Amino acid sequence: MASFKPTKIQVYPKLGEKVTQDTLYWKNYKAPVQIKEFGAVTSIDFSPVTPHNFAVTAFTRIHIYGPFSQEPVKSFTRFKDTAYCGRFRSDGQLLVAGCEDSVVRLFDVSGKVALRLFKGHTKAVHLTDFTSDRYQILTGSDDYTCRLWDIPNATELTTYREHTDYIRCGVTSKLNRDLFITGSYDHTVKLFDARVEKSVITMDHGQPVESVLLYPSEGLLVSAGGRHVKVWDLLKGGQPLVSLKNHHKTVTSLALSSNGQRLLSASLDRHVKVYSTTNYKVVHNFDYAASILSLALAPDDESIVVGMTNSILSIKHRKNQEDSKEIAGQQRRRPSYRVFVKGKNYVPKQDDYLVSKPVKEHLAKYDKQLRRFNVSKALDTALETWIRFRKPEITMAVIKELDRRGTLKNALAGRDERGLSQLLNFLIGNFVDARFTPVLVTAAEMILDIYQSIIGQSPLVDRQLLRLQDLVEKELDYQKELLEVLGMLDTMFASSLPRKEVPCSGIGKSNGLTQGEPTTLDWV
Amino acid sequence: WEVLGPSAHVSALEMAADGGSSSLQLPCVFSPKSRQFLALCAQDGRLRIWNTDSKTLHQEYVPSAHLSATCTCIAWGPCRTVKEGPQRKKRKSEAVQVEEKADLLAMGTAAGTVLIYSTAKGALHCTLDGAHSGGVNCVQWHPEESLLYSGSDDTNIVEWDLQTGKTRSKWKADRAAVTSLCVSPDGKLLLSAGHIIKMWDLDTKEVYRKFTGHSTAVTTLRFATTRPPDSNGLYFLSGAAHDRLLSVWQVREDGKDKNSVVSFTLTDEPQHIDLVTSNSKEEAVRLAVVCKDGQLHLFEHFLNGPCKKPLSPSCTVQMSDTKESPMPIPLLAAVLGADTRTVMLAYGSHLQPVMEKVVSLLKETEIHDVKTPIVNAKSKVLVPGLPGHQAPLKGTSQGSEKRKKDTDTKEMSIAERLGEIDLSTISEKGASKGTASLQTDNFAVLLVQGLESNDASILNKVFQTRKDMVIKKTVARLPLSAVLPLVEEVTYTFVLSYRASLMVRWLKAVLMHHTSYLASLPDLVTQLGVLYHVIESRVKMFHKLTKLHGKLYLLMTQVSANICSAASFKSVFEDYSLTSQELSLSHKERMSLSSPHFCSYTPGSCEKSLHVVSKHLMTALRAPGDRFCKTELDFVLFSV
């Protein structure tokens, strides 16, 4: 009895998307919290200090949200017109924002009224940022100029008039207080040095630049504009490193995951793509409901915040590892857990005398029936509704085992209308699955042999057989087409393989080959 | 909208970001009922009234203060019998039935006055002033009594009595400026809106309901049904500045009407809307909306409760001229005709609008009924949903009357028009010549976009095409760089899905069209190897399957034959007039034995043999007189 081997359930590889570390990592987020803003969300910025609040610029307001709050903890509404680019200072105390009315406003995060107004631009200001020494502000405007301002006395320090179109994005260096980068709709990205009062490096992006991003090391620069994302090497004087084209509409926003290993780009085509920064391949993809204007990641990737044109702000929080584990553990424990586990987890000490006890083998129900040679019942068990739909591979394994024993015919025979229709249902459901077809064809043939005499007596069975026939017919048509495709592929492989030998066999042959290609077309 | 270029998106982005400063919209209204007149107020403050029948300028009026106090809104008064001139303000319905004509026109001005202009007199009827301190944003007539409501920047609503020319009452409606008003069809309720929509009871002047949700100023309010408010059947719709949605609100008895129930999507903010209200649940609300971008959207919807998804228009119209590169002509206003098929349009410039009746835009089936489609010289209707594309819609026609005073278009002869139509239809059907059909062009672009960004929804949309021609042309115009990604995508679906029969067509098309390109790839085998293996493993069972199919086929034809023959067994006999003793015997035998055979279920040897017998018998019967038949019959007897 002990020698009975349970039926081996074949494990089929799960089809579909390849599961990588990245997909697991980026899928480990909760369902998004969606907040309706007053207008298109144009900018999101995380505070550099804990608790990492984030400022959301939308329409004429800037809302500041806490890391887990769904209501704004603070809002700045004193804008005359649409606000742009609300950014925190590196100490998280001050916030600067541009506006359509060309005035730049500086706020204390705890206050309400603007501390300073910077007037001087003549058109809308889309870019604002603090320099790394925390006492100056960089602004870029639609009047083609970018300026540096002194915070304490609200005066303009320098004006740069090198761009020839709107300046829409930019970033200051976090390491050097004199360096900053601006991106403009004149297709260029310029690196400025405040000490020499002119641009040091100019990079041609090729499309209007919508967003720029510096690596934490500040050796690499990423620019986004049009459908392209481009990476530049600043240390080599602005040499293009790589150009990525994975969106079909304008890329609007860029972000780095906190450890700098992954680059994220958001676009009007509603996707956020995650790239690996080692080989710049897309490793993951998020879909959103509307065109995305802004994207930001919390430190340590705790949350992904995305702002869209339909004025919805979507916040995805990272799933807490401990939470999910605890829930799983609780589910496993049933009331009888303690009874069964009693003493089982006792680890024997060195002096203990061990009495070995044979482990009781647990057999599935169909295995028990198979052991008793109740083949028909075993098949019945394997055809139970739950198994049939959820785990067809178990049913398949049992049928296979029966076939191996040569008792499949017995197991299939002697069924009434209900049993037979159940069996046929299973056949119809799984017949076209390439993994199951070989076994099921045998079974189907046997069923037909056994039950051919009663065909025509039950409308239900007849209908199912007709469906089966239909299915087989379609599958055959399909496979016929596939065979044709195989033939095409064969021809192509045949015509491409000798190509490698061309150098040794001479030129005349290669001519013949190129002439041979139209024939494949005709043949097709 | 996936097809629009990046530049278009940038502009959309800027537009979305610039927020809500209100824009200049010129008031433009058709007269009620007969639609005989179109009142238009231009930038210079002149009021022009156009006759839509004759397409001529009917009247022009220049208010004395037309530059300082420009007209901001106009509204036609309810139709009344014009008998003794405008002195009789009170309409008497019991009077002799004379043709009712639109007469009075109320104009709100930026200075806070309301001018009443009479078209019958052709002169100013009276001026209502002294009540508003800010500019008038909207005027609305009471449907029955001679009352007029006006909403203003000074946040007040004023009720004017036209018989006395004085204010009857005035009350503060909102904290913000009152931008829109609407009186219910039964005249008992009034809707007003600043940022919050309020519903007033007109008897008591108290707020009946409040509806919040719009973030910008509400510019449009209309009642969509004529049902009483306590039956949950009263609906109204609202549109706001910079909002590309029209929201429909339900006034519910239980007060649970916090959110809008339905919304209609537009391409831009609504500029002019017209609707045919529904009186009962079975009647659909028809809606024509002219957007700021000059497009007309037609909707039809049954208002019977909430609908989560925003509704898209059933038809979209964009006028354009017929030059080599058609420029869109903005629509000014549109009204729905009394029957379901006509729409009256006004388009072109404010100074010289073109008015036209267009037949049947709502249902495509009806389009084909029109006998002689005439493409108007100046305008043509573009395919719905494809702004900017050049192919004219094949069947859409406009029953345009010949205009006597045409603006500046030169008339085309009928022959020229027909020629133009023919050309367009040929270019759509002329697939063999490889001319660009709109559909496949889009598909190729879509496919490239989908492959570029790996967008599942776009790819699904493209791959669901069943038309071979479309697939072929799409693949043919695919750029080479997209071929390999497509093959990869196809391979992926092959691995995934059980029945990728549609994908086979794509694969075949790719292999046929890009043979030389694929063959020229140095690493072809590695590129297509996976695909090859997947297909090979799939067709491994072909042989066995074919056999099984044969078996099934045989059995099932027997079944169907059995069913037939069991009924007509006798007649078959008579037909062939077989009198042979053996046969009749076998017949008898078969009949007598067939009853147990038919009701038993478990297979037994006797029944089995009987079944075989009957089968042989039938084959024999089908070919009487044959030699083979005789042996068959012998066999039958033997086995019995």
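The values are calculated or read from the model by the stated rules, or taken from the named source; none is laboratory data. On a predicted model such as this, the values are computed, not experimentally measured, just so you know. For neighbour counting, all protein chains shown are included, and Cβ atoms are generated from backbone atoms with ideal geometry for every residue, glycine included.
Answer with yes or no whether B:E159 is surrounded by fewer than 21 Cβ atoms within 10 Å (Cβ to Cβ), at pLDDT 90 or above and either not assigned by the TED database to the domain that holds B:D201 or not aromatic (F, W, Y) (or both).
Yes, satisfied.
Would you be able to tell me the number of residues in the stretch B:298-314 that are assigned to a strand (DSSP E or B), under 21 Å from B:C28 (Cβ atoms) and touching a residue at least 40 places away in the same chain (Cβ under 8 Å)?
Qualifying residue count, the stretch B:298-314: 1.
Check B:G239 against each of (1) surrounded by fewer than 19 Cβ atoms within 10 Å (Cβ to Cβ); (2) small (G, A, S); (3) under 29 Å from the mean Cα position of the chain (by Cα) and name the one condition it does not meet.
Status for B:G239: all satisfied but (1).
Can B:N460 be described as at pLDDT 80 or above, under 30 Å from A:V282 (Cα atoms) and either assigned by the TED database to the domain that holds B:V534 or within 27 Å of the chain's Cα centre (by Cα) (or both)?
Spelling it out, B:N460 is indeed at pLDDT 80 or above, under 30 Å from A:V282 (Cα atoms) and either assigned by the TED database to the domain that holds B:V534 or within 27 Å of the chain's Cα centre (by Cα) (or both).
Name the one entry in B:K551, B:K508 that is out of contact with any Leu (no Cβ under 8 Å at 6 or more places or on another chain), at the interface with chain A (Cβ under 9 Å from one of its Cβ atoms) and at pLDDT 75 or above.
B:K508
Check A:S211, A:S243, A:S253, A:S267 and return the single one that is polar (S, T, N, Q), within 14 Å of chain B (Cβ to nearest Cβ) and touching a helix residue (DSSP H, G or I) at 6+ places or on another chain (Cβ under 8 Å).
A:S267
Can you tell me how many residues within the stretch B:457-504 are assigned to a loop (DSSP other than H, G, I, E, B), within 10 Å of another protein chain (Cβ to nearest Cβ) and of a type in the set (A, V, I, L, M)?
1
Kindly indicate which of A:S217, A:S223, A:S211, A:S243 is exposed (fewer than 15 other Cβ atoms within 10 Å of the Cβ) and under 23 Å from the mean Cα position of the chain (by Cα).
Values: A:S217 fails: under 23 Å from the mean Cα position of the chain (by Cα); A:S223 fails: exposed (fewer than 15 other Cβ atoms within 10 Å of the Cβ); A:S211 fails: exposed (fewer than 15 other Cβ atoms within 10 Å of the Cβ).
Being exposed (fewer than 15 other Cβ atoms within 10 Å of the Cβ) and under 23 Å from the mean Cα position of the chain (by Cα) holds for just one of A:S217, A:S223, A:S211, A:S243, which is A:S243.
Regarding A:R61, is this residue surrounded by 15 or more Cβ atoms within 10 Å (Cβ to Cβ), closer than 24 Å to A:A290 by Cβ and of a type in the set (K, R)?
Yes, satisfied.
Hey, B:L4 hits all of (1) under 22 Å from B:Q271 (Cα atoms); (2) at pLDDT below 75; (3) aliphatic (A, V, I, L, M) but one; which does it fall short on?
Failing condition for B:L4: (1).
Provide a single number: the residues in the stretch A:435-459 that are free of Cβ contacts under 8 Å to residues at least 12 places away in the same chain and buried (at least 17 other Cβ atoms within 10 Å of the Cβ).
Residues meeting the conditions: 9.
Here's the yes/no breakdown for (1) in contact with a strand residue (DSSP E or B) (Cβ under 7 Å, 6 or more places away or on another chain); (2) farther than 20 Å from B:L303 by Cβ; (3) not small (G, A, S):
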| position | (1), (2), (3) |
| --- | --- |
| B:G134 | yes, yes, no |
| B:H142 | yes, yes, yes |
| B:S150 | yes, yes, no |
| B:N156 | yes, yes, yes |
| B:K170 | yes, yes, yes |
| B:L191 | yes, no, yes |
| B:F211 | yes, no, yes |
| B:L221 | yes, no, yes |
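Within the stretch B:281-297, how many residues turn out to be assigned to a loop (DSSP other than H, G, I, E, B), under 13 Å from B:T225 (Cα atoms) and not hydrophobic (A, V, I, L, M, F, W, C)?
Here the count works out to 3.
Does A:E210 count as touching a residue at least 12 places away in the same chain (Cβ under 8 Å) and in a loop (DSSP other than H, G, I, E, B)?
Numbers: touching a residue at least 12 places away in the same chain (Cβ under 8 Å): yes; in a loop (DSSP other than H, G, I, E, B): no.
So A:E210 fails the test.
Looking only at helices (runs of 4 or more DSSP H) that lie completely in the stretch A:358-474, which have at least 1 residues being more than 8 Å from every other protein chain (Cβ to nearest Cβ) and of a type in the set (F, W, Y)?
Per the criteria, A:365-371, A:385-390, A:417-430.
Determine whether A:D433 is within 16 Å of A:I399 (Cβ to Cβ), charged (D, E, K, R) and under 42 Å from the mean Cα position of the chain (by Cα).
The answer is yes for A:D433.
Count, please, the residues in the stretch A:33-66 that happen to be among the β-branched types (V, I, T) and over 20 Å from A:F130 (Cα atoms).
Number of matching residues: 4.
Can you say whether A:L489 is at the interface with another protein chain (Cβ under 7 Å from one of its Cβ atoms), closer than 24 Å to B:K472 by Cβ, modelled with pLDDT of 90 or more and in a helix (DSSP H, G or I), as far as the supplied structure shows?
Judged against the criteria, A:L489 is not a match.
Residues checked against (1) surrounded by fewer than 19 Cβ atoms within 10 Å (Cβ to Cβ); (2) closer than 24 Å to A:P299 by Cβ:
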site: A:R89; (1), (2): no, yes
site: A:L95; (1), (2): no, yes
site: A:V104; (1), (2): no, no
site: A:A114; (1), (2): no, no
site: A:T122; (1), (2): yes, no
site: A:T131; (1), (2): no, yes
site: A:Q136; (1), (2): no, no
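Scan the strands (runs of 3 or more DSSP E) fully inside the stretch A:222-293 and keep the ones with 1 or more residues being of a type in the set (S, T, Y).
Output list reads A:239-244, A:251-256, A:262-267, A:271-276.
Does A:H228 satisfy the criteria of being within 14 Å of chain B (Cβ to nearest Cβ) and at pLDDT below 90?
no
Which one of these is closer than 29 Å to B:Q250 by Cα, surrounded by 19 or more Cβ atoms within 10 Å (Cβ to Cβ) and at pLDDT 85 or above: B:A346, B:A333?
Matching residue, one of B:A346, B:A333: B:A333.
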